[in-house]
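Some notes on the structure that comes next.
The values are calculated or read from the model by the stated rules, or taken from the named source; none is laboratory data. Quick caveat, the model's predicted, so the values are computed rather than measured. Neighbour counts are summed over all protein chains in view; Cβ atoms, including those assigned to glycine, are modelled from backbone coordinates with ideal geometry.
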Amino acid sequence: MLDKLEQIKQDALRALADIQDETSLDQWRVAHLGRSSAIMDVFKNMGALAKEERGPVGRAANQVKQALEAELTQKTVALAEAALTRSLTQDKLDVTLPGRHIPRGRLHPVTQTLREIYRVFADMGFQVYLSREVETDEFNFQYLNFPPHHPAREMQDSFYVESSQERGDNPMLMRTHTSPGQIHAMRQYAAESPENPPPVRIILPGMCYRYEQVSTRYESQFTQVEGLAVGEDITFSDLKGTLSDFARRMFGKNVRSRFRASHFPFTEPSAEMDIECFLCGGEGCGVCKHSGWLEILGCGMVHPNVLTNGGYDPERYTGFAFGMGPERITMLRHHIEDIRYFWANDMRFLEQF
Ligand code: PHE
């Protein structure tokens, strides 16, 4: 029996010596260490041996099995090393090959502009306040002092979220501007201390929606950045100072700005701010339509009715507000001729920024 074990071992080792690849090695393992291998048969048939033979045969069989297992491990390592050496010496490494391209994401051009706007206003002490995109007629129009039959309320300007049958006298709609956030913010601030509402200094960025005829200049969705400052003794000079300073920090320290009278229901007086065209330096060019000025934002002193609707006593508090379009600013800066590029998701456009 012991001779037979020695024979089993020698047979297995001889077969192993010829093996050069992993597949044959696996076949060898099944044949020489698997369930129906010769060595396993020896274990299975132990019961047939004479009692005094079982001890020595068992021990010898175990030694053979362990020896074969050790050889298997060694051979596995040897094959792996051989494969590595082969790949290092034979498969030549061409260090001049270009590296693999890792696609990199980037910030949307409007997001880049938004972040600059945040940075400039953060330096001036304004916090970002986020407000909802679905509004009621009350917040989008009524609290902002829109007269009942103002044309902006008409169907063609707003996206309503309810069918015409469902709509009551305070229908829900997608906000047409960020200004309703002024009311939400003031009410939230005032709720902290109704007798003594704290000063407000916030910007309110976000998407707005209008039922527009889409063209190179108008999109049905666009971002706005609203600004609101409310406190005691805030004057039109504060508005002018803050916004001209914003223009210098955003567009260059020598940029001049000017204010033109305008009209919004929620501000009185109201104005629009132009900045000197940064492309031609005010000489006149295609972008500024040969006027030397670019229209940048709408602004004004918060209307007393709006302050009241926000929970601020207009006898004690004043404030200014403004609203600008980051797409338009981005278009001016990068010479983009069509606003529809921004939300069309065309990689050829987006990859340029
Ligand atoms: N809400 C105005 C618009 O959408 C912009 C604006 C905001 C004007 C705040 C004045 C004050 O055009």
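The figures follow:
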{"read-out": "Lone qualifier among TYR211, TYR218 - being surrounded by fewer than 13 Cβ atoms within 10 Å (Cβ to Cβ), modelled with pLDDT under 95 and within 16 Å of the ligand (Cβ to nearest atom)", "value": "TYR218"}
{"read-out": "Hits in segment 267-290 - residues which are small (Gly, Ala, Ser), touching a residue at least 12 places away in the same chain (Cβ under 8 Å) and away from the ligand (no atom under 16 Å from the Cβ)", "value": "GLY282"}
{"read-out": "Complete set of residues in segment 225-258 that are touching a Cys at 6+ places or on another chain (Cβ under 9 Å) and polar (S, T, N, Q)", "value": "none"}
{"read-out": "Residue match in segment 308-318 (condition: within 10 Å of the ligand (Cβ to nearest atom) and either surrounded by 16 or more Cβ atoms within 10 Å (Cβ to Cβ) or not small (Gly, Ala, Ser) (or both))", "value": "no"}
{"read-out": "Counted residues, segment 221-234 - those being closer than 18 Å to HIS108 by Cβ and either near the ligand (Cβ under 9 Å from one of its atoms) or of a type in the set (Asp, Glu) (or both)", "value": "1"}
{"read-out": "Hits in segment 222-266 (condition: of a type in the set (A, V, I, L, M) and free of Cβ contacts under 8 Å to residues at least 60 places away in the same chain)", "value": "ALA247, VAL255, ALA261"}
{"read-out": "Failed item, numbered, when ARG132 is tested on (1) touching a residue at least 24 places away in the same chain (Cβ under 8 Å); (2) not in a loop (DSSP other than H, G, I, E, B)", "value": "(2)"}
{"read-out": "Single condition LYS253 does not satisfy, out of (1) modelled with pLDDT under 95; (2) under 29 Å from the mean Cα position of the chain (by Cα)", "value": "(2)"}
{"read-out": "Test: residue in segment 152-167 that is touching a helix residue (DSSP H, G or I) at 6+ places or on another chain (Cβ under 6 Å) and not in a strand (DSSP E or B)", "value": "no"}
{"read-out": "Residue that is farthest from the ligand (Cβ to nearest atom), among those in segment 160-179 that are under 8 Å from THR136 (Cα atoms) and hydrophobic (A, V, I, L, M, F, W, C)", "value": "MET172"}
{"read-out": "Residues (β-branched (Val, Ile, Thr) and either farther than 13 Å from GLY325 by Cβ or surrounded by fewer than 20 Cβ atoms within 10 Å (Cβ to Cβ) (or both)) located in segment 221-242", "value": "VAL230, ILE234, THR235, THR242"}
{"read-out": "Unmet requirement for GLU327, which otherwise passes all of (1) within 16 Å of the ligand (Cβ to nearest atom); (2) among the charged types (D, E, K, R); (3) more than 21 Å from the chain's Cα centre (by Cα)", "value": "(3)"}
{"read-out": "Checking ILE8 against (1) free of Cβ contacts under 8 Å to residues at least 40 places away in the same chain; (2) surrounded by 14 or more Cβ atoms within 10 Å (Cβ to Cβ), the condition it does not meet", "value": "(1)"}
